[in-house]
Amino acid sequence: MRTDAARPVRLEDYRPPDWLVETVDLDVALDPSATRVRATLRLTPNPQAAAPAPVVLDGDGLTLTGLKLDGAALAPAHFAATPDRLTIAQPPNRPFRLEVETVIDPSANTQLMGLYRSRGTYCTQCEPEGFRRITYFPDRPDVMAVFTTRIEAPKAQAPVLLANGNLVQSGDVAGTDRHFAVWHDPFPKPSYLFALVGGELACVEDGLRTASGREVTLRIYVEPGKQGRCAYAMDSLKRAMRWDEEAFGREYDLDIFMIVAVSDFNMGAMENKGLNVFNDKYVLATPETATDADFANIEAIIAHEYFHNWTGNRITCRDWFQLCLKEGLTVFRDQEFSADQRSRPVERINDVRGLRAHQFVEDAGPLAHPVRPALYHEINNFYTATVYEKGAEVVRSLKVLLGPDGFRRGMDLFFARHDGTAATVDDFIACFADATGTDLGQFMRWYSQAGTPELAVTGSFDARAGTYRLDVAQTVPPTPGQPVKEPMVIPLALGLVGRDGRDLPLVTADGRQLERGVATISEAAQRLEFVGIAERPVLSLNRGFSAPIKVSANISAEDLSFLAARDPDPFNRWQAVQTLATAVLVENVAALRAGRAERADDGFLAAIAAILADTTLEPAFVAAAITLPSEADIARDIGRDVDPDAILAARAALRATIGRRFAAVLDELHGRLADSGPYSPDAASAGRRTLKNACLDLMAATGAASAVALAARQYAAADNMTDRMAALATLSLLDVAERAAALDDFYRRFEDDPLVIDKWFSLQATIPQAATLDRVRALTAHPKFSAANPNRVRALVGAFAHGNQTQFNRPDGAGFAFVVDTVLALDARNPQVAARLLSAFKSWRVLEAGRRACAEAALKRVAAVDTLSRDVKDIAQRSLAGD
Ligand code: PHE
Ligand code: ZN
């Protein structure tokens, strides 16, 4: 059991390490239950720390079987070894060699942290604190060492042996059935980037010549037989490598880049130096088994992990409080990559949708924390939407603030100044301040203050003076531990749209043009004034979502309809439709609860009509615009006393209204968008399918028999997973015979493909009907379900908890109870996955009183268990804090 003596960890307590590690030589003899690890560390006193100091190495559940100092066995009196610590109280005050031998059991490792087995393949996951489950080590990211790894295994069991860096030697172990490989990584790295893989794997190979002319071998390793599913991942990798050269001037640095796909993985993927390990769902894809969304995710995650080579690996984090330094920045980079590969406006809309759905919700609830937290009990619980997605938004805001050239100069300086080091967020921001001569002191509040800033804007036109005035007030709501907030620096991209749909010049009273259309808001209350405005313009705010904030403004429904049709900024065209839709939906939810009649908003329907009629728009954009805010979006907007059933009903009614009002247009579009040629995952083709399927869904929302029949036909005739899955999802919402038939057919077609069966699990778990809970419970006993596999758990129970608003939040509390039962059962096996599942309770406080009481009781049932993992305990306690 890990002791909690050293917790919590605080940013302000950071001290440089007493000892540095120059080199690590690992010698690993793989064995299913007794893998022997010999680690030889070249330790040297840190000149930056106060010497002499004891050597204290981290462990987690380790058994020490040997210890030598400079070649001589260390007497028991000179060291102390517990499962989670190895201490040498009086080491020599000079560099020395320490040989540490441990024996570990990869088959018993169900946490999937450290060395474990996935379907027989040996693999490792070390971020953030998994290396200490392999050997004793100063397991902190500011200790960077050069690793050499020798792996040995029976040839038949593990014909493929991989580790970070370049292969320097391999061969048979004479006179045995064993073989070995030696890998050397010349780049100093923290232990969390270490990786090793051994198993029976097939590989697909390709190559790329870097900008400076070096040849790099690219390999993707998969289970034998799955090579045919790697083409898109490989193509994405090559495009990502090229893009990083062009967009950021970053080249790859080793002779080989390897990706290994495994079936059992806690997260999406991991950026280990030269040897990325992936959840197989983000590698494997064919048109028959993967949707367009799957293809887009593969492209983004392959790129994300590759981009970490510079932002994360070459420049790493000083400590885990700086996690956003690598994650926020790398998400920003992968979002930019996807925007360049696909449609920039559509990518932006999707990213903002995701941000609002996950990060805004997190920021508004008990788990809110700053992008750079100041304290943690369990770092695994901080791989959050705030660190990743808001972290990316902050980088983007910086770019909006400084402009593309200033931003690039700052990035260049960051790479030049900090390459090969473990840096902080302050170091990062200092590069932009220095490169552009900007004071970014106040900007740092984005990293220290939690909560989503709110901007209230009042626009007023003075016809006689020909001026347009904006009165802007900003507030940041209180969050746990932060009752009072200071004003933020908000780069607010804006426009004044003339009646002809064109932007008016933004000239301030001093005669200057507002640079790049961006106003900098830095005070609690601020006034902006533009001159030379001849007619009343329509105000377009936070264009392109230039800052991760909530904006409210005195923009009439009529003006919103105008923006939906005419705003030159595509993001705000979409936003205008969403704002109109949200207003109708929120009103209708209240009406339903009060027993009043709902209204169909003519302004909103006119906006939809304008979007559908605009033939210049790309299909993916139209699809995004005619898709209503999700139930969770509506709940977030309502913000208190939430009744998920009323939200579902209001949303379903409005979908049906759109489906009826535009039946002919939708039907015509659906028919016209049907692809004739073979499936291609490219963005334009995917966009056509998205729109086609959005039309189908709206038509079916009316319950019309013709639409149901159309969905059933599309399901049966589909030659790709996108169309098949979309039709199935549409049918799944309807209580019709076609639904059960299609679900059964789907299972029979794909029963031997776990990743596709996950879709089958998820779809059933998200049906918003009372029977779903029993169905989900039954499916946990299905032969294709396994509590040991994180993908299965997320597909079934995760989808239910995170994706089924009405049934997870059942008024009788049975949804909560089921999820809590699952969390408690899972906790002993895999605390990380259990904790993530429990975070589905992150907005329990906004529920109406009855449901809220049930949720609270469920959380208290968790908190009362005294054998909880640190992970689950932390989430339970923070969720309940303040009670
Ligand atoms: N660092 C991984 C990423 O790219 C995520 C991860 C964290 C994976 C922890 C495994 C464990 O974002
Ligand atoms: Zn990452």
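Structure notes:
- Test for ASP419: is it open to solvent by 20 Å² or more (accessible area, probe 1.4 Å), more than 16 Å from ligand 1 (Cβ to nearest atom) and touching a residue at least 12 places away in the same chain (Cβ under 8 Å): yes
- Of all residues in segment 295-316, those being of a type outside the set (D, E, K, R), more than 24 Å from ALA285 (Cβ to Cβ) and away from ligand 2 (no atom under 11 Å from the Cβ) number 3.
- Members of segment 102-129 that are within 16 Å of ligand 1 (Cβ to nearest atom) and part of a loop (DSSP other than H, G, I, E, B): ASN109, THR110, GLN111, LEU112, MET113, CYS126, GLU127, PRO128, GLU129
- Selection from segment 114-133 of residues that are open to solvent by 10 Å² or more (accessible area, probe 1.4 Å) and either within 16 Å of ligand 2 (Cβ to nearest atom) or under 20 Å from TRP320 (Cα atoms) (or both): GLN125, GLU127, GLU129, ARG132, ARG133
- Among the residues of segment 232-272, the ones that are within 16 Å of ligand 1 (Cβ to nearest atom), over 20 Å from LEU329 (Cα atoms) and not aliphatic (A, V, I, L, M) come to 5 in all.
- Residue within segment 832-839 that is open to solvent by 40 Å² or more (accessible area, probe 1.4 Å), small (Gly, Ala, Ser), in contact (Cβ under 8 Å) with a residue 40 or more places away in the chain and in a helix (DSSP H, G or I) present: no
- In the set ASN791, ASN804, ASN809, only one residue is in contact with a Pro (Cβ under 8 Å, 6 or more places away or on another chain) and farther than 19 Å from ALA858 by Cβ; that residue is ASN791.
- Subset of segment 618-636 (residues that are more than 22 Å from the chain's Cα centre (by Cα) and surrounded by fewer than 20 Cβ atoms within 10 Å (Cβ to Cβ)): GLU618
- Exactly one residue out of GLY495, GLY451, GLY459, GLY481 is of a type in the set (Gly, Ala, Ser), buried (at least 17 other Cβ atoms within 10 Å of the Cβ) and within 26 Å of the chain's Cα centre (by Cα), and it is GLY451.
- When segment 304-327 is limited to residues that are away from ligand 1 (no atom under 11 Å from the Cβ) and of a type in the set (A, V, I, L, M), the one that is surrounded by the most Cβ atoms within 10 Å (Cβ to Cβ) turns out to be LEU325.
- Members of segment 457-499 that are in contact with a His (Cβ under 8 Å, 6 or more places away or on another chain) and β-branched (Val, Ile, Thr): THR479
- Which listed residue is over 30 Å from LEU826 (Cα atoms), touching a Leu at 6+ places or on another chain (Cβ under 7 Å) and surrounded by fewer than 20 Cβ atoms within 10 Å (Cβ to Cβ), from THR65, THR87, THR44: THR44
- Subset of segment 262-280 [open to solvent by 10 Å² or more (accessible area, probe 1.4 Å) and away from ligand 2 (no atom under 16 Å from the Cβ)]: SER263, ASP264, ASP280
- Strands (runs of 3 or more DSSP E) (entirely within segment 142-201) containing at least 3 residues that are at pLDDT 95 or above and open to solvent by 50 Å² or more (accessible area, probe 1.4 Å): 166-172, 178-189
- When ALA653 is tested against (1) of a type in the set (Gly, Ala, Ser); (2) open to solvent by less than 10 Å² (accessible area, probe 1.4 Å); (3) out of contact with any Lys or Arg (no Cβ under 8 Å at 6 or more places or on another chain); (4) over 26 Å from GLU618 (Cα atoms), only condition (2) is not met.
- Lone unmet requirement of (1) at negative phi; (2) in contact (Cβ under 8 Å) with a residue 12 or more places away in the chain; (3) open to solvent by 30 Å² or more (accessible area, probe 1.4 Å) for THR102: (3)
- Checking each residue in segment 749-774 for being surrounded by fewer than 21 Cβ atoms within 10 Å (Cβ to Cβ), closer than 27 Å to LEU648 by Cα and of a type in the set (Asp, Glu) picks out only ASP774.
- Among the residues of segment 462-472, the ones that are free of Cβ contacts under 8 Å to residues at least 60 places away in the same chain and buried (at least 17 other Cβ atoms within 10 Å of the Cβ) come to 1 in all.
- Any hit, segment 384-395, residues being of a type outside the set (Ser, Thr, Tyr), open to solvent by less than 10 Å² (accessible area, probe 1.4 Å) and more than 16 Å from ligand 2 (Cβ to nearest atom): no
- For beta carbons closer than 6 Å, sequence separation of 6+ or different chains, a first residue in segment 302-326 that is touching a residue at least 12 places away in the same chain (Cβ under 8 Å) and a second that is assigned to a loop (DSSP other than H, G, I, E, B) and within 12 Å of ligand 2 (Cβ to nearest atom), the qualifying pairs are GLU305/GLU271; HIS308/GLU271; GLY312/GLU271; TRP320/PRO128; LYS326/GLY312.
The values are calculated or read from the model by the stated rules, or taken from the named source; none is laboratory data. Nothing here was measured: the structure is a model prediction, and the numbers come from that model. Note that each Cβ is placed from the backbone with ideal geometry, even for glycine, and that neighbours are counted across all protein chains shown. Accessible surface is based on the protein model in full, side chains and every heavy atom, while ligands, DNA and RNA are left aside. Shrake-Rupley method; radii C 1.70, N 1.55, O 1.52, S 1.80 Å.
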